[in-house]
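One structure is given below, encoded as C-alpha coordinates.
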Amino acid sequence: MDVDGVSYLDMGQAYFQGNWKVAVNAYWSPLYSWILGLTLRAFQPSSYWQSTVVHLVNFAVFLIALLCFEFFLRALIRFLRRTQSPDDSYAPLPDWAWWALGYVLFLGSSLYLVSLSLVTPDLCVTALVYLAVGILLRIRDGKTSWMTFTLFGVVLGFGYLAKSAMFPLAFVFLGASLLAVGKFRLASPRVLLSAVVFLLVSGPLILALSLAKGRLTFGDTGRIAYAEMVTGVTRYGHWQGEGNTGTPKHPVRKILESPPLYEFATPVGGTYPPWYDASYWLEGVVPHFDLRGQLRVLGDSLRAYFQILSQQRELAVGFLALLLLERRWRALGKELMNQWHLWLPAAAACAMFALVLVEPRYVAGFVLLLWAGAFSALRLSRAETSERFVQSIVLAVVLVMGAKVVRTLGSDLAGAMRPGAHVQWQVAEDLRQIGLRPGDRVALIGHTTAADYWAYLAEVSIAAEVGSEGVNTFWSAGPELQSRVLQTFYKFGAKAVVTSTAPPPALPPGWRKLGDTGFFAYTLCGARVAASHAGEESRGETRLR
(Lines give C-alpha, C1' and ligand atoms only; values in the text may rest on other atoms or scores of the structure.)
Protein backbone atom coordinates (compact mmCIF):
# COMPACT_ATOMS: atom_id res chain seq x y z
CA MET A 1 0.00 0.00 0.00
CA ASP A 2 1.56 3.28 -1.06
CA VAL A 3 0.89 6.76 0.25
CA ASP A 4 -1.42 7.58 -2.68
CA GLY A 5 -3.45 4.47 -1.93
CA VAL A 6 -3.99 5.59 1.68
CA SER A 7 -5.38 8.90 0.40
CA TYR A 8 -7.78 7.13 -1.98
CA LEU A 9 -8.94 4.87 0.87
CA ASP A 10 -9.50 7.92 3.08
CA MET A 11 -11.45 9.60 0.32
CA GLY A 12 -13.63 6.56 -0.35
CA GLN A 13 -14.38 6.24 3.34
CA ALA A 14 -15.34 9.93 3.56
CA TYR A 15 -17.76 9.62 0.63
CA PHE A 16 -19.54 6.58 2.04
CA GLN A 17 -19.73 8.12 5.51
CA GLY A 18 -21.30 11.26 4.04
CA ASN A 19 -18.41 13.44 5.21
CA TRP A 20 -18.61 15.74 2.18
CA LYS A 21 -16.28 18.40 3.56
CA VAL A 22 -13.45 15.86 3.67
CA ALA A 23 -14.55 13.94 0.57
CA VAL A 24 -14.51 16.85 -1.90
CA ASN A 25 -10.85 17.07 -2.82
CA ALA A 26 -9.20 19.17 -5.51
CA TYR A 27 -6.07 17.03 -5.57
CA TRP A 28 -7.34 13.44 -5.91
CA SER A 29 -10.05 12.44 -8.38
CA PRO A 30 -13.01 10.51 -6.95
CA LEU A 31 -13.81 7.57 -9.28
CA TYR A 32 -11.17 5.16 -7.95
CA SER A 33 -11.96 6.10 -4.35
CA TRP A 34 -15.65 5.32 -5.00
CA ILE A 35 -14.71 1.87 -6.28
CA LEU A 36 -12.49 1.17 -3.25
CA GLY A 37 -14.98 2.60 -0.77
CA LEU A 38 -17.90 0.63 -2.22
CA THR A 39 -15.95 -2.64 -2.21
CA LEU A 40 -14.72 -2.28 1.37
CA ARG A 41 -18.18 -1.29 2.53
CA ALA A 42 -19.75 -4.28 0.77
CA PHE A 43 -17.29 -6.95 1.97
CA GLN A 44 -16.11 -5.34 5.25
CA PRO A 45 -12.82 -7.28 5.45
CA SER A 46 -10.78 -7.36 8.65
CA SER A 47 -7.88 -4.93 8.80
CA TYR A 48 -5.43 -7.77 8.15
CA TRP A 49 -7.11 -8.68 4.82
CA GLN A 50 -8.02 -5.18 3.72
CA SER A 51 -5.00 -4.64 1.48
CA THR A 52 -5.62 -8.02 -0.17
CA VAL A 53 -9.17 -6.97 -1.02
CA VAL A 54 -7.86 -3.69 -2.43
CA HIS A 55 -5.49 -5.57 -4.74
CA LEU A 56 -8.33 -7.86 -5.81
CA VAL A 57 -10.11 -4.64 -6.83
CA ASN A 58 -7.04 -3.74 -8.88
CA PHE A 59 -7.21 -7.15 -10.57
CA ALA A 60 -10.91 -6.63 -11.33
CA VAL A 61 -10.05 -3.24 -12.88
CA PHE A 62 -7.36 -5.02 -14.93
CA LEU A 63 -9.99 -7.43 -16.31
CA ILE A 64 -12.31 -4.54 -17.14
CA ALA A 65 -9.40 -2.78 -18.86
CA LEU A 66 -8.86 -5.98 -20.89
CA LEU A 67 -12.51 -5.91 -22.04
CA CYS A 68 -12.16 -2.24 -23.01
CA PHE A 69 -8.97 -3.04 -24.89
CA GLU A 70 -10.68 -5.88 -26.77
CA PHE A 71 -13.45 -3.47 -27.75
CA PHE A 72 -10.79 -1.09 -29.09
CA LEU A 73 -8.84 -3.83 -30.89
CA ARG A 74 -11.92 -5.28 -32.58
CA ALA A 75 -12.90 -1.79 -33.75
CA LEU A 76 -9.38 -1.23 -35.09
CA ILE A 77 -9.30 -4.54 -36.99
CA ARG A 78 -12.73 -3.84 -38.50
CA PHE A 79 -11.63 -0.37 -39.57
CA LEU A 80 -8.44 -1.66 -41.21
CA ARG A 81 -10.35 -4.42 -42.93
CA ARG A 82 -12.97 -2.00 -44.28
CA THR A 83 -10.44 0.47 -45.63
CA GLN A 84 -8.47 -2.18 -47.52
CA SER A 85 -9.48 -3.51 -50.92
CA PRO A 86 -8.99 -7.27 -51.57
CA ASP A 87 -7.39 -6.40 -54.91
CA ASP A 88 -4.58 -4.34 -53.37
CA SER A 89 -1.10 -5.83 -53.64
CA TYR A 90 -0.27 -4.62 -50.12
CA ALA A 91 -2.35 -5.15 -46.99
CA PRO A 92 -2.22 -4.28 -43.28
CA LEU A 93 -1.07 -6.82 -40.74
CA PRO A 94 -3.37 -9.88 -40.73
CA ASP A 95 -5.94 -10.29 -37.98
CA TRP A 96 -3.99 -13.03 -36.17
CA ALA A 97 -0.95 -10.74 -35.96
CA TRP A 98 -3.06 -7.95 -34.45
CA TRP A 99 -4.47 -10.27 -31.80
CA ALA A 100 -1.01 -11.60 -30.92
CA LEU A 101 0.66 -8.17 -30.84
CA GLY A 102 -2.38 -6.62 -29.18
CA TYR A 103 -2.32 -8.95 -26.20
CA VAL A 104 1.39 -8.58 -25.55
CA LEU A 105 1.03 -4.80 -25.93
CA PHE A 106 -1.78 -4.77 -23.40
CA LEU A 107 0.05 -7.03 -20.94
CA GLY A 108 3.29 -5.09 -21.27
CA SER A 109 1.50 -1.77 -20.80
CA SER A 110 -0.61 -2.93 -17.84
CA LEU A 111 2.03 -4.93 -15.97
CA TYR A 112 5.16 -2.87 -16.56
CA LEU A 113 4.07 0.70 -17.26
CA VAL A 114 0.99 0.97 -15.03
CA SER A 115 1.60 -1.98 -12.66
CA LEU A 116 -1.14 -3.71 -10.71
CA SER A 117 0.86 -3.30 -7.50
CA LEU A 118 0.16 0.44 -7.16
CA VAL A 119 -3.10 1.53 -5.54
CA THR A 120 -3.75 4.32 -8.05
CA PRO A 121 -6.44 5.06 -10.70
CA ASP A 122 -4.10 4.82 -13.68
CA LEU A 123 -5.46 1.48 -14.87
CA CYS A 124 -8.98 2.96 -14.74
CA VAL A 125 -7.74 5.79 -16.96
CA THR A 126 -6.19 3.43 -19.52
CA ALA A 127 -9.42 1.38 -19.65
CA LEU A 128 -11.46 4.52 -20.38
CA VAL A 129 -8.92 5.69 -22.97
CA TYR A 130 -9.23 2.35 -24.82
CA LEU A 131 -13.00 2.66 -24.67
CA ALA A 132 -12.96 6.26 -25.96
CA VAL A 133 -10.67 5.44 -28.90
CA GLY A 134 -12.73 2.34 -29.69
CA ILE A 135 -15.84 4.54 -29.96
CA LEU A 136 -13.85 7.04 -32.05
CA LEU A 137 -12.94 4.21 -34.44
CA ARG A 138 -16.59 3.21 -34.71
CA ILE A 139 -17.50 6.82 -35.50
CA ARG A 140 -14.89 6.93 -38.25
CA ASP A 141 -16.24 3.61 -39.48
CA GLY A 142 -19.61 5.24 -40.08
CA LYS A 143 -21.39 4.49 -36.76
CA THR A 144 -22.70 8.01 -36.17
CA SER A 145 -25.90 7.36 -34.20
CA TRP A 146 -26.94 9.68 -31.41
CA MET A 147 -26.44 6.86 -28.91
CA THR A 148 -22.82 6.44 -30.00
CA PHE A 149 -22.08 10.10 -29.30
CA THR A 150 -23.98 9.95 -26.00
CA LEU A 151 -21.82 7.04 -24.86
CA PHE A 152 -18.74 8.93 -26.06
CA GLY A 153 -19.61 11.83 -23.76
CA VAL A 154 -20.25 9.48 -20.82
CA VAL A 155 -16.87 7.78 -21.27
CA LEU A 156 -15.05 11.11 -21.45
CA GLY A 157 -16.89 12.28 -18.32
CA PHE A 158 -15.85 9.19 -16.39
CA GLY A 159 -12.32 9.70 -17.67
CA TYR A 160 -12.29 13.09 -15.94
CA LEU A 161 -13.73 11.55 -12.76
CA ALA A 162 -10.84 9.04 -12.86
CA LYS A 163 -8.14 11.70 -13.32
CA SER A 164 -8.40 15.46 -13.73
CA ALA A 165 -5.78 15.42 -16.51
CA MET A 166 -8.46 13.88 -18.71
CA PHE A 167 -10.51 17.11 -18.59
CA PRO A 168 -8.42 19.06 -21.16
CA LEU A 169 -7.81 15.87 -23.14
CA ALA A 170 -11.57 15.36 -23.44
CA PHE A 171 -11.71 18.34 -25.78
CA VAL A 172 -9.00 16.76 -27.95
CA PHE A 173 -11.17 13.64 -28.20
CA LEU A 174 -14.24 15.75 -29.00
CA GLY A 175 -12.30 17.53 -31.76
CA ALA A 176 -11.15 14.17 -33.11
CA SER A 177 -14.75 12.94 -33.21
CA LEU A 178 -15.71 16.03 -35.24
CA LEU A 179 -13.02 15.13 -37.80
CA ALA A 180 -13.95 11.45 -37.71
CA VAL A 181 -17.46 12.02 -39.07
CA GLY A 182 -16.11 13.94 -42.04
CA LYS A 183 -19.25 15.99 -42.68
CA PHE A 184 -19.45 19.09 -40.51
CA ARG A 185 -23.21 19.50 -40.79
CA LEU A 186 -23.78 15.91 -39.71
CA ALA A 187 -21.06 15.95 -37.05
CA SER A 188 -21.60 19.27 -35.23
CA PRO A 189 -24.91 18.49 -33.44
CA ARG A 190 -23.68 15.03 -32.46
CA VAL A 191 -20.37 16.31 -31.11
CA LEU A 192 -22.29 19.03 -29.26
CA LEU A 193 -24.38 16.27 -27.66
CA SER A 194 -21.18 14.49 -26.57
CA ALA A 195 -19.89 17.73 -25.07
CA VAL A 196 -23.15 18.35 -23.19
CA VAL A 197 -23.19 14.78 -21.81
CA PHE A 198 -19.52 15.12 -20.84
CA LEU A 199 -20.28 18.32 -18.92
CA LEU A 200 -23.34 16.75 -17.27
CA VAL A 201 -21.17 13.89 -15.96
CA SER A 202 -18.25 16.09 -14.91
CA GLY A 203 -20.25 19.18 -13.93
CA PRO A 204 -21.29 18.18 -10.38
CA LEU A 205 -17.66 17.59 -9.36
CA ILE A 206 -16.51 20.84 -11.01
CA LEU A 207 -19.28 22.71 -9.19
CA ALA A 208 -18.41 21.13 -5.83
CA LEU A 209 -14.69 21.89 -6.25
CA SER A 210 -15.36 25.45 -7.39
CA LEU A 211 -17.66 26.14 -4.43
CA ALA A 212 -15.11 24.66 -2.01
CA LYS A 213 -12.27 26.75 -3.46
CA GLY A 214 -14.23 29.94 -4.13
CA ARG A 215 -13.01 29.99 -7.73
CA LEU A 216 -13.71 28.10 -10.93
CA THR A 217 -11.59 24.94 -11.06
CA PHE A 218 -11.79 21.39 -12.36
CA GLY A 219 -8.94 20.36 -10.02
CA ASP A 220 -5.64 21.72 -8.77
CA THR A 221 -3.39 18.74 -9.50
CA GLY A 222 -1.94 20.17 -12.71
CA ARG A 223 -1.34 23.61 -11.20
CA ILE A 224 0.41 22.12 -8.18
CA ALA A 225 2.45 19.70 -10.29
CA TYR A 226 3.64 22.53 -12.54
CA ALA A 227 4.61 24.62 -9.51
CA GLU A 228 6.54 21.69 -8.02
CA MET A 229 8.26 20.46 -11.17
CA VAL A 230 8.90 23.70 -13.08
CA THR A 231 8.56 26.70 -10.75
CA GLY A 232 10.51 25.15 -7.90
CA VAL A 233 8.08 24.62 -5.03
CA THR A 234 9.55 21.91 -2.82
CA ARG A 235 7.97 18.60 -3.70
CA TYR A 236 6.89 16.45 -0.74
CA GLY A 237 7.88 19.32 1.58
CA HIS A 238 5.91 21.75 3.69
CA TRP A 239 5.81 24.90 1.59
CA GLN A 240 6.17 28.06 3.63
CA GLY A 241 6.33 30.49 0.71
CA GLU A 242 10.00 29.96 -0.16
CA GLY A 243 11.22 31.56 -3.35
CA ASN A 244 9.21 33.62 -5.78
CA THR A 245 6.30 31.19 -5.79
CA GLY A 246 3.45 33.08 -4.17
CA THR A 247 2.12 33.73 -0.69
CA PRO A 248 0.68 30.76 1.22
CA LYS A 249 -2.88 31.30 2.46
CA HIS A 250 -2.87 28.49 5.02
CA PRO A 251 0.44 26.59 5.01
CA VAL A 252 1.32 23.69 7.26
CA ARG A 253 2.15 25.36 10.59
CA LYS A 254 5.85 25.35 11.49
CA ILE A 255 6.12 25.28 15.29
CA LEU A 256 9.87 24.76 15.84
CA GLU A 257 12.89 25.55 13.70
CA SER A 258 15.29 22.98 15.10
CA PRO A 259 14.34 20.25 14.78
CA PRO A 260 11.76 21.38 12.22
CA LEU A 261 8.37 20.52 13.74
CA TYR A 262 5.17 20.94 11.74
CA GLU A 263 1.56 20.73 12.91
CA PHE A 264 -1.47 20.09 10.70
CA ALA A 265 -4.15 18.66 13.01
CA THR A 266 -6.87 20.83 11.49
CA PRO A 267 -8.84 21.56 9.33
CA VAL A 268 -8.04 18.91 6.69
CA GLY A 269 -9.10 15.30 7.29
CA GLY A 270 -7.44 12.09 6.19
CA THR A 271 -4.78 9.85 7.69
CA TYR A 272 -1.94 12.19 6.71
CA PRO A 273 -3.51 15.62 6.00
CA PRO A 274 -0.60 17.24 4.09
CA TRP A 275 -0.77 14.48 1.46
CA TYR A 276 -4.53 13.99 1.59
CA ASP A 277 -5.27 17.49 0.27
CA ALA A 278 -2.18 19.27 -0.99
CA SER A 279 -4.46 21.81 -2.71
CA TYR A 280 -5.41 23.25 0.71
CA TRP A 281 -1.90 23.56 2.11
CA LEU A 282 -0.53 24.90 -1.20
CA GLU A 283 -3.32 27.42 -1.72
CA GLY A 284 -1.65 30.64 -2.80
CA VAL A 285 1.12 29.06 -4.85
CA VAL A 286 1.50 30.87 -8.16
CA PRO A 287 2.97 28.75 -10.96
CA HIS A 288 4.84 30.84 -13.48
CA PHE A 289 6.80 30.06 -16.60
CA ASP A 290 10.49 29.54 -15.99
CA LEU A 291 12.53 28.81 -19.12
CA ARG A 292 15.35 27.03 -17.31
CA GLY A 293 12.93 24.99 -15.24
CA GLN A 294 10.81 24.14 -18.30
CA LEU A 295 13.83 23.01 -20.31
CA ARG A 296 14.96 20.86 -17.39
CA VAL A 297 11.53 19.23 -17.16
CA LEU A 298 11.41 18.64 -20.92
CA GLY A 299 14.82 16.99 -20.70
CA ASP A 300 13.59 14.75 -17.88
CA SER A 301 10.50 13.91 -19.92
CA LEU A 302 12.54 12.93 -22.95
CA ARG A 303 14.65 10.65 -20.79
CA ALA A 304 11.49 9.11 -19.34
CA TYR A 305 10.09 8.44 -22.83
CA PHE A 306 13.41 6.96 -23.90
CA GLN A 307 13.33 4.68 -20.87
CA ILE A 308 9.81 3.56 -21.78
CA LEU A 309 10.97 2.88 -25.35
CA SER A 310 13.95 0.88 -24.08
CA GLN A 311 11.56 -1.25 -22.01
CA GLN A 312 9.66 -2.00 -25.23
CA ARG A 313 12.63 -2.30 -27.56
CA GLU A 314 11.43 -5.64 -28.96
CA LEU A 315 8.40 -3.78 -30.37
CA ALA A 316 10.68 -1.18 -31.93
CA VAL A 317 12.89 -3.89 -33.45
CA GLY A 318 9.85 -5.76 -34.76
CA PHE A 319 8.37 -2.60 -36.29
CA LEU A 320 11.65 -1.67 -38.00
CA ALA A 321 12.05 -5.24 -39.30
CA LEU A 322 8.57 -5.16 -40.85
CA LEU A 323 9.23 -1.71 -42.26
CA LEU A 324 12.53 -2.76 -43.83
CA LEU A 325 10.86 -5.82 -45.28
CA GLU A 326 9.01 -3.65 -47.81
CA ARG A 327 10.79 -0.23 -47.63
CA ARG A 328 7.66 1.67 -48.68
CA TRP A 329 8.58 4.97 -46.98
CA ARG A 330 6.12 7.23 -48.81
CA ALA A 331 3.25 4.82 -48.27
CA LEU A 332 4.14 4.69 -44.57
CA GLY A 333 3.87 8.48 -44.22
CA LYS A 334 0.54 8.52 -46.04
CA GLU A 335 -0.89 5.72 -43.91
CA LEU A 336 0.39 7.33 -40.71
CA MET A 337 -1.57 10.46 -41.55
CA ASN A 338 -4.60 8.27 -42.20
CA GLN A 339 -4.30 6.81 -38.67
CA TRP A 340 -4.62 10.20 -36.95
CA HIS A 341 -7.51 8.90 -34.82
CA LEU A 342 -4.93 6.77 -32.95
CA TRP A 343 -1.93 9.04 -32.62
CA LEU A 344 -3.56 12.48 -32.36
CA PRO A 345 -5.12 12.05 -28.86
CA ALA A 346 -2.07 10.03 -27.77
CA ALA A 347 0.43 12.64 -28.98
CA ALA A 348 -1.56 15.44 -27.31
CA ALA A 349 -1.53 13.54 -24.00
CA CYS A 350 2.19 12.72 -24.20
CA ALA A 351 3.00 16.36 -25.01
CA MET A 352 0.84 17.60 -22.11
CA PHE A 353 2.56 15.34 -19.58
CA ALA A 354 5.99 16.20 -21.02
CA LEU A 355 5.47 19.82 -19.93
CA VAL A 356 5.12 18.79 -16.28
CA LEU A 357 5.98 15.21 -15.36
CA VAL A 358 6.17 11.91 -17.23
CA GLU A 359 5.74 8.69 -15.31
CA PRO A 360 5.14 5.43 -17.21
CA ARG A 361 1.78 4.86 -15.50
CA TYR A 362 0.51 8.27 -16.64
CA VAL A 363 1.10 7.63 -20.33
CA ALA A 364 0.78 3.84 -20.59
CA GLY A 365 -2.48 3.79 -22.55
CA PHE A 366 -1.34 6.58 -24.84
CA VAL A 367 1.99 4.88 -25.60
CA LEU A 368 0.01 1.78 -26.59
CA LEU A 369 -2.06 3.91 -28.98
CA LEU A 370 1.11 5.27 -30.58
CA TRP A 371 2.34 1.72 -31.19
CA ALA A 372 -1.07 0.78 -32.59
CA GLY A 373 -0.90 3.76 -34.95
CA ALA A 374 2.60 2.82 -36.10
CA PHE A 375 1.75 -0.83 -36.80
CA SER A 376 -1.55 0.22 -38.46
CA ALA A 377 0.41 2.26 -40.97
CA LEU A 378 2.39 -0.74 -42.22
CA ARG A 379 1.38 -2.18 -45.58
CA LEU A 380 2.95 -5.52 -46.44
CA SER A 381 3.07 -7.57 -49.61
CA ARG A 382 0.55 -10.39 -50.00
CA ALA A 383 3.30 -12.61 -51.48
CA GLU A 384 3.84 -15.94 -49.73
CA THR A 385 7.49 -15.23 -48.91
CA SER A 386 6.54 -11.91 -47.33
CA GLU A 387 3.85 -13.59 -45.22
CA ARG A 388 6.42 -16.05 -43.87
CA PHE A 389 8.70 -13.20 -42.83
CA VAL A 390 5.78 -11.44 -41.15
CA GLN A 391 4.93 -14.61 -39.23
CA SER A 392 8.54 -14.99 -38.07
CA ILE A 393 8.90 -11.35 -36.97
CA VAL A 394 5.58 -11.20 -35.13
CA LEU A 395 6.27 -14.56 -33.45
CA ALA A 396 9.70 -13.32 -32.31
CA VAL A 397 8.19 -10.15 -30.78
CA VAL A 398 5.43 -12.12 -29.04
CA LEU A 399 7.88 -14.69 -27.64
CA VAL A 400 10.26 -12.06 -26.25
CA MET A 401 7.49 -10.00 -24.63
CA GLY A 402 5.72 -13.15 -23.49
CA ALA A 403 8.92 -14.39 -21.84
CA LYS A 404 9.01 -11.15 -19.81
CA VAL A 405 5.45 -11.73 -18.62
CA VAL A 406 6.15 -15.36 -17.69
CA ARG A 407 9.27 -14.32 -15.78
CA THR A 408 7.31 -11.70 -13.86
CA LEU A 409 4.51 -14.14 -13.08
CA GLY A 410 7.06 -16.71 -11.91
CA SER A 411 8.72 -14.19 -9.63
CA ASP A 412 5.36 -13.09 -8.20
CA LEU A 413 4.29 -16.70 -7.65
CA ALA A 414 7.53 -17.46 -5.83
CA GLY A 415 6.97 -14.41 -3.63
CA ALA A 416 3.39 -15.46 -2.91
CA MET A 417 4.62 -18.85 -1.74
CA ARG A 418 6.86 -17.11 0.82
CA PRO A 419 4.70 -14.25 2.13
CA GLY A 420 6.41 -11.69 4.33
CA ALA A 421 5.14 -10.31 7.60
CA HIS A 422 2.27 -7.80 7.42
CA VAL A 423 4.30 -5.04 9.07
CA GLN A 424 1.70 -2.28 8.72
CA TRP A 425 -0.96 -4.43 10.39
CA GLN A 426 1.43 -5.37 13.22
CA VAL A 427 2.16 -1.71 13.91
CA ALA A 428 -1.56 -0.93 13.99
CA GLU A 429 -2.24 -3.86 16.35
CA ASP A 430 0.56 -2.85 18.73
CA LEU A 431 -0.70 0.73 18.81
CA ARG A 432 -4.12 -0.58 19.85
CA GLN A 433 -2.48 -2.62 22.60
CA ILE A 434 -0.76 0.44 24.07
CA GLY A 435 -4.10 2.22 24.30
CA LEU A 436 -4.73 4.07 21.04
CA ARG A 437 -8.36 4.19 19.93
CA PRO A 438 -10.06 5.07 16.62
CA GLY A 439 -10.12 8.82 16.16
CA ASP A 440 -6.97 9.46 18.22
CA ARG A 441 -4.11 11.55 16.92
CA VAL A 442 -0.45 10.58 16.67
CA ALA A 443 2.76 12.39 15.80
CA LEU A 444 5.71 11.27 13.69
CA ILE A 445 9.46 11.62 13.88
CA GLY A 446 11.23 11.22 10.58
CA HIS A 447 8.31 11.05 8.19
CA THR A 448 9.01 10.50 4.52
CA THR A 449 6.66 9.78 1.61
CA ALA A 450 6.49 6.11 2.69
CA ALA A 451 2.97 4.84 3.25
CA ASP A 452 1.26 5.49 6.57
CA TYR A 453 -1.02 2.53 6.06
CA TRP A 454 -0.55 1.49 9.70
CA ALA A 455 -2.23 4.73 10.77
CA TYR A 456 -5.18 4.07 8.45
CA LEU A 457 -5.55 0.53 9.82
CA ALA A 458 -5.40 1.82 13.40
CA GLU A 459 -7.97 4.49 12.42
CA VAL A 460 -5.80 7.29 13.81
CA SER A 461 -4.74 10.52 12.13
CA ILE A 462 -1.28 12.06 12.02
CA ALA A 463 -1.41 15.55 13.54
CA ALA A 464 2.23 16.69 13.64
CA GLU A 465 5.72 15.59 12.71
CA VAL A 466 9.41 16.25 12.89
CA GLY A 467 10.53 16.06 9.26
CA SER A 468 13.10 13.53 8.09
CA GLU A 469 15.69 16.32 7.93
CA GLY A 470 15.32 16.83 11.69
CA VAL A 471 15.70 13.20 12.86
CA ASN A 472 19.39 13.40 13.71
CA THR A 473 18.87 16.71 15.51
CA PHE A 474 16.12 15.18 17.65
CA TRP A 475 17.97 12.01 18.64
CA SER A 476 21.27 13.80 19.28
CA ALA A 477 19.61 16.55 21.32
CA GLY A 478 19.60 16.57 25.09
CA PRO A 479 16.59 15.67 27.25
CA GLU A 480 15.50 19.31 27.39
CA LEU A 481 14.93 19.68 23.65
CA GLN A 482 13.44 16.20 23.30
CA SER A 483 11.05 16.98 26.14
CA ARG A 484 10.04 20.21 24.46
CA VAL A 485 9.26 18.38 21.20
CA LEU A 486 7.17 15.76 23.02
CA GLN A 487 5.30 18.46 24.93
CA THR A 488 4.52 20.22 21.66
CA PHE A 489 3.14 17.01 20.19
CA TYR A 490 0.99 16.54 23.29
CA LYS A 491 -0.24 20.13 23.09
CA PHE A 492 -1.71 19.45 19.64
CA GLY A 493 -3.59 16.38 20.80
CA ALA A 494 -1.21 13.53 19.92
CA LYS A 495 -1.64 10.45 22.10
CA ALA A 496 1.56 8.81 20.88
CA VAL A 497 4.69 9.46 18.84
CA VAL A 498 5.68 6.91 16.19
CA THR A 499 8.94 6.60 14.28
CA SER A 500 10.51 4.13 11.89
CA THR A 501 13.92 5.77 12.22
CA ALA A 502 15.85 3.80 14.80
CA PRO A 503 16.62 5.69 18.03
CA PRO A 504 20.07 5.38 19.71
CA PRO A 505 21.17 1.81 20.60
CA ALA A 506 20.15 2.38 24.21
CA LEU A 507 16.39 2.90 23.88
CA PRO A 508 15.51 6.19 25.66
CA PRO A 509 13.08 5.97 28.61
CA GLY A 510 9.44 5.79 27.54
CA TRP A 511 10.11 4.45 24.05
CA ARG A 512 9.10 0.92 23.11
CA LYS A 513 9.61 -1.21 20.04
CA LEU A 514 6.44 -2.24 18.24
CA GLY A 515 6.82 -5.98 17.81
CA ASP A 516 9.44 -6.97 15.25
CA THR A 517 8.54 -4.21 12.80
CA GLY A 518 11.31 -1.62 13.01
CA PHE A 519 8.80 0.91 14.35
CA PHE A 520 9.01 2.54 17.80
CA ALA A 521 6.38 4.39 19.83
CA TYR A 522 6.24 6.77 22.78
CA THR A 523 2.88 7.16 24.50
CA LEU A 524 1.95 10.69 25.52
CA CYS A 525 -0.20 11.24 28.57
CA GLY A 526 -0.65 14.15 30.96
CA ALA A 527 1.26 12.54 33.82
CA ARG A 528 4.24 11.52 31.69
CA VAL A 529 4.50 14.91 29.94
CA ALA A 530 4.15 16.71 33.28
CA ALA A 531 6.87 14.53 34.79
CA SER A 532 9.09 15.18 31.80
CA HIS A 533 8.44 18.91 32.14
CA ALA A 534 9.14 18.77 35.91
CA GLY A 535 12.40 16.97 35.25
CA GLU A 536 13.36 19.66 32.75
CA GLU A 537 12.61 22.42 35.31
CA SER A 538 14.55 20.54 38.00
CA ARG A 539 17.56 20.31 35.75
CA GLY A 540 17.22 24.02 35.03
CA GLU A 541 17.17 24.88 38.76
CA THR A 542 20.24 22.72 39.34
CA ARG A 543 22.07 24.62 36.63
CA LEU A 544 21.02 27.94 38.22
CA ARG A 545 22.25 26.87 41.69
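The values are calculated or read from the model by the stated rules, or taken from the named source; none is laboratory data. Since this is a predicted model, take the numbers as computed values, not measurements. Positions of Cβ are generated from backbone atoms using ideal geometry, with glycine treated the same way; all protein chains shown enter the neighbour counts. To get the accessible areas, we keep the full protein, side chains included, count just its heavy atoms, and leave off ligands, DNA and RNA. Shrake-Rupley method; radii C 1.70, N 1.55, O 1.52, S 1.80 Å.
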Between Ala383 and Leu179, with labels modelled 7 Å along Cα→Cβ, what's the label distance in nm to one decimal, could you check?
3.5 nm
Partner lysines for Lys254 [C-alpha distance under 30 Å; skip if fewer than 8 residues away on the same chain]
Lys21, Lys213, Lys491, Lys495, Lys513
Among Ser177, Val54, Val398, pick out the residue whose Cα is farthest towards the positive end of the charge dipole of the chain, where Lys and Arg carry +1 and Asp and Glu carry -1 on C-beta, about the Cα centre.
Ser177
Can you give the angle from 0 to 90° between the axis of helix 31-43 and the longest principal axis of the chain, with both taken from C-alpha atoms, to the nearest 10?
70 degrees
Per the Debye formula with a single identical scatterer at each Cα and no solvent contribution, what log10 I(q)/I(0) holds for the chain at q = 0.06, 0.12, 0.13 Å⁻¹?
-0.37, -1.20, -1.34
In degrees, nearest 10, the alpha-carbon axis of helix 184-213 is tilted away from the dominant principal axis of the alpha carbons of the chain by 0 degrees
Using alpha carbons only, how many degrees (0 to 90, rounded to 10) separate the axis of helix 291-311 from the longest principal axis of the chain?
60 degrees
Counting only DSSP loop positions in region 242-330, the trypsin sites (Lys or Arg not before Pro) whose Cβ has at most 13 other Cβ atoms within 10 Å are Lys249, Arg327
What accessible area, in Å² to the nearest ten, does a 1.4 Å probe give for Leu216?
150 Å²
Using a 1.4 angstrom probe with every protein chain in place, what is the largest-first accessible-area order of Cys525, Cys350?
Cys525, Cys350
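Is it possible to state the helix-based mean residue ellipticity at 222 nm for the chain, with each DSSP H run of 4+ residues giving -39500 (n - 2.57), the sum divided by total residues, to the nearest 500 deg cm²/dmol? What is it? Provide the component values of the computation, followed by the final result.
Values: 23 runs with 339 residues, N = 545.
For the chain, the value works out to -20500 deg cm²/dmol.
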Counting alpha carbon pairs within less than 8 Å and at least 6 residues apart, what relative contact order, in whole percent, applies to the chain?
16 percent
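Starting from the Cα-Cα distance between Arg484 and Leu309, subtract it from 0.36 nm times their residue separation and give me the gain in nm to one decimal.
Working: separation 175, 0.36 × 175 = 63.00 nm, distance 5.28 nm.
Between Arg484 and Leu309, full extension yields an extra 57.7 nm.
Which net charge results for the neighbourhood of Ala494, defined as the other residues with beta-carbon distances under 9 angstrom from its beta-carbon, given Lys and Arg at +1 and Asp and Glu at -1? Walk me through the intermediate numbers first.
Working: positive: Arg441, Lys491, Lys495; negative: Asp440.
Combined, the nearby Lys, Arg, Asp and Glu give +2.
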Which FRET efficiency value, to the nearest 0.05, is calculated for Glu469 and Ala416 with the Förster distance at 41 angstrom and r the Cβ-Cβ distance?
0.65
Candidate residues Met352, Met401: accessible-area rank, largest first, probe 1.4 Å:
Met352, Met401
In whole Hz, the Karplus estimates of ³J(HN,Hα) for region 106-117 (6.51, -1.76, 1.60; θ = phi - 60°; x where Gly or Pro) are 5, 5, x, 5, 6, 7, 10, 8, 7, 6, 7, 7
In nm, to one decimal, how far is the Ala351 label point from the Leu192 one, both placed 7 Å along Cα→Cβ?
2.8 nm
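Throw me the Rg/Rh for region 3-95, computed over C-alpha atoms with Kirkwood Rh, two decimals.
Details: Rg = 21.0 Å, Rh = 16.3 Å.
Radius of gyration relative to Kirkwood radius: 1.29.
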Got a sec to turn the phi values of region 11-20 into Karplus ³J(HN,Hα) couplings, 6.51 cos²θ - 1.76 cosθ + 1.60 with θ = phi - 60°, whole Hz, x for Gly and Pro?
5, x, 4, 5, 4, 7, 9, x, 8, 5
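How about region 233-335: which GluC sites (Glu not before Pro) there are in a DSSP loop, with at most 14 other Cβ atoms within 10 Å of their Cβ?
On the way: sites: Glu242, Glu257, Glu263, Glu283, Glu314, Glu326, Glu335; in loops: Glu242, Glu257, Glu283.
Passing both the DSSP loop test and the Cβ count: Glu242, Glu257.
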